[in-house]
1. Looking at (1) under 26 Å from residue 161 (Cα atoms); (2) free of Cβ contacts under 8 Å to residues at least 40 places away in the same chain; (3) in contact with a helix residue (DSSP H, G or I) (Cβ under 7 Å, 6 or more places away or on another chain), find the lone condition where residue 201 falls short.
2. I want to confirm something. Restricting to the range 152-164 and keeping residues that are over 11 Å from residue 123 (Cβ atoms) and in contact with a strand residue (DSSP E or B) (Cβ under 9 Å, 6 or more places away or on another chain), which single residue is modelled with the highest pLDDT?
3. Filter the range 26-37 down to residues that are in contact with a helix residue (DSSP H, G or I) (Cβ under 7 Å, 6 or more places away or on another chain) and outside any loop (DSSP other than H, G, I, E, B), then give me how many there are.
4. Residue 309 passes all but one of (1) farther than 30 Å from residue 195 by Cα; (2) touching a helix residue (DSSP H, G or I) at 6+ places or on another chain (Cβ under 6 Å); which number fails?
5. Looking at 300, 290, 273, 284 in this structure, which one is buried (at least 22 other Cβ atoms within 10 Å of the Cβ), at pLDDT 95 or above and more than 22 Å from residue 71 (Cα to Cα)?
6. Have a look at 85, 97 and point out the one that is over 14 Å from residue 290 (Cα atoms), outside any loop (DSSP other than H, G, I, E, B) and assigned by TED's automatic domain parsing to the domain that holds residue 162.
7. Residue 249 is checked against (1) touching a residue at least 12 places away in the same chain (Cβ under 8 Å); (2) surrounded by fewer than 18 Cβ atoms within 10 Å (Cβ to Cβ); (3) over 26 Å from residue 149 (Cα atoms) and fails just one. What number does that condition carry?
């Protein structure tokens, strides 16, 4: 709180309002002490302070800390109906690795500050950005969540398997939560294999966990896979990516593909995915998308337009681009 020192004392009442406001807000005098000093009741001191605010004698000023982009975050929240936007200050000259590290650090700080302790968290399996977040988290001194569940099949080629396991295992350890793995690949050869795996009792149990999630932490992927996803054996081959692109696809969340307007892409490819169903994903109250960089802008925009995420963590330049889009 600050006191406007330039309000003209038009009468004794304004003078009293100003005096009480200065004693309380600038000098830190308690209301009971003000009442005794001015020979008025404490209830009247409280009323005078409220009137001082209403009259503009006392004004609330919020000073934004360096590196915090509150106004831009609010623009994104309003424009895309987000519950929350988190804009990470990234050096304009940062390379891809530095960008990834900065967004990961921003997501880690956001997560540490907002967990309730009773959350049941779903997490995407092959996201480099989510792994960057996990690598920058600090172990919680109290249990910060009850369980962490893979949202997408986490079984892949041996050289990439550690990526998926590290995301889930390390996040669960940091939060003091129980890990729930999806013991299946994210993409299989045909719908019959997919249906057979989903009918297995272990996958039925995972599906039960999916329906009970309170929060999801997800990377937002472009159609072109990352190096980790490409080597995992869970990426779509080039001919299938070409089909998706012709259908207007711009990105995916947990291998659920969507177009520029956010609408999901259904069909044979989607029928081979072992991941949380779209309807279950959308029922999760808090869905945090973590992504940034020029190559992800169309995918992020599609995710926002389609309501795939309720919270976005991204870098400053991407946020500025999104704020200016029609």
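The values are calculated or read from the model by the stated rules, or taken from the named source; none is laboratory data. Because the structure is predicted, anything quoted here is derived from the model rather than measured. With ideal geometry, Cβ positions are generated from the backbone for all residues, glycine too; neighbour counts draw on all protein chains shown.
1. Against the list (1) under 26 Å from residue 161 (Cα atoms); (2) free of Cβ contacts under 8 Å to residues at least 40 places away in the same chain; (3) in contact with a helix residue (DSSP H, G or I) (Cβ under 7 Å, 6 or more places away or on another chain), residue 201 comes up short only on (3).
2. Within the range 152-164, the subset over 11 Å from residue 123 (Cβ atoms) is 153, 155-163.
With the extra rule that they be in contact with a strand residue (DSSP E or B) (Cβ under 9 Å, 6 or more places away or on another chain), the set shrinks to 153, 155-156, 161.
Numbers: 153: 89, 155: 86, 156: 78, 161: 70.
Ranking the candidates gives 153 first.
3. Filtering the range 26-37 for residues in contact with a helix residue (DSSP H, G or I) (Cβ under 7 Å, 6 or more places away or on another chain) gives 29, 31-32, 34-35.
Next cut, outside any loop (DSSP other than H, G, I, E, B) only: 31-32, 34-35.
So the count comes out to 4.
4. With (1) farther than 30 Å from residue 195 by Cα; (2) touching a helix residue (DSSP H, G or I) at 6+ places or on another chain (Cβ under 6 Å) applied to residue 309, the lone miss is (1).
5. Numbers: 300 fails: more than 22 Å from residue 71 (Cα to Cα); 290 fails: more than 22 Å from residue 71 (Cα to Cα); 273 fails: at pLDDT 95 or above.
Selected residue: 284, the only one of 300, 290, 273, 284 that is buried (at least 22 other Cβ atoms within 10 Å of the Cβ), at pLDDT 95 or above and more than 22 Å from residue 71 (Cα to Cα).
6. On the way: 85 fails: over 14 Å from residue 290 (Cα atoms).
Of 85, 97, the one residue that is over 14 Å from residue 290 (Cα atoms), outside any loop (DSSP other than H, G, I, E, B) and assigned by TED's automatic domain parsing to the domain that holds residue 162 is 97.
7. The failed condition is (2).
Each row is one residue, and each column tells you yes or no for (1) assigned to a strand (DSSP E or B); (2) touching a helix residue (DSSP H, G or I) at 6+ places or on another chain (Cβ under 8 Å); (3) in contact (Cβ under 8 Å) with a residue 24 or more places away in the chain.
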{"residue": "240", "(1), (2), (3)": "no, no, yes"}
{"residue": "261", "(1), (2), (3)": "no, yes, yes"}
{"residue": "266", "(1), (2), (3)": "no, no, no"}
{"residue": "304", "(1), (2), (3)": "no, yes, yes"}
{"residue": "314", "(1), (2), (3)": "yes, yes, yes"}
{"residue": "317", "(1), (2), (3)": "no, yes, yes"}
{"residue": "323", "(1), (2), (3)": "no, yes, yes"}
